[in-house]
């Protein structure tokens, strides 16, 4: 598989290191993370002290919530800015490291891997996405769990807001959304005083069927599907999220 080297030209490398990212998504709070993680760990029934990985952990809010559930937690992320915030949460049994998920993981033996807040589908080729799943598979114990939190494409299509504006702490955001060439694209125009910035998010528009087929091809069996962070059953048209529970099969 041809892996392109790390570069600030990748949209996720630029955007997640920007101070505007945290400002735009600041409504994703600690209480929300704790509630979601509580639902997840109840579903999985992991033993106390089990080793788990928060893959693309961001500032560590989900990793810290997992640790509070009595788990030993590793958090991986690519962004130095996000990791610097996450590392402030470091504690015995809770550690963070910088890692590109497209390369083999330095740690193994996880009972579960959590990939939350649409942290998959960022790359240019399907081979790269399959490679990520291969690395997750290799890092899990036999029968280990993968929890993937993705968007529900049908819901996005029905509820897409093509354009909106937000003013947050004196910063103006103009956000334009579209579905184009198999990706969901969000263009973010920012005006902060006299400073103008532009970022773009681009995530592969996997249908639930395509994402499940991808997981199955890479050695996972899907066991449960949720449609909300509260654990409601997935509905193909009405659910805003697609939260897949899968297990390593071999």
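The values are calculated or read from the model by the stated rules, or taken from the named source; none is laboratory data. Keep in mind the model is a prediction, meaning the values are calculated, not measured. Cβ: placed from backbone, ideal geometry, glycine included. Neighbour counts: every protein chain shown.
Summed over region 216-240, the residues that are part of a strand (DSSP E or B), in contact with a helix residue (DSSP H, G or I) (Cβ under 9 Å, 6 or more places away or on another chain) and surrounded by fewer than 20 Cβ atoms within 10 Å (Cβ to Cβ) give a count of 4. I'd like to verify a number: residues in region 125-158 that are free of Cβ contacts under 8 Å to residues at least 60 places away in the same chain and farther than 25 Å from residue 221 by Cβ, how many? Number of matching residues: 2.
Go through region 30-46 and give me each residue that's in a loop (DSSP other than H, G, I, E, B) and either within 19 Å of residue 19 (Cβ to Cβ) or in contact with a strand residue (DSSP E or B) (Cβ under 8 Å, 6 or more places away or on another chain) (or both).
Hit for region 30-46 is 46, nothing else.
Restricted to region 82-107, and to residues there that are within 16 Å of the chain's Cα centre (by Cα) and touching a residue at least 40 places away in the same chain (Cβ under 8 Å), the residue that is farthest from residue 26 (Cα to Cα) is 102. Just one of the listed residues (193, 170, 143) is on the phi > 0 side of the Ramachandran plot and assigned by TED's automatic domain parsing to the domain that holds residue 223, namely 143. Restricting attention to region 57-96, the residues that are assigned to a helix (DSSP H, G or I) and over 22 Å from residue 19 (Cβ atoms) total 4. Within region 186-200, being out of contact with any strand residue (DSSP E or B) (no Cβ under 8 Å at 6 or more places or on another chain) and more than 22 Å from residue 10 (Cα to Cα) holds for 193, 194.
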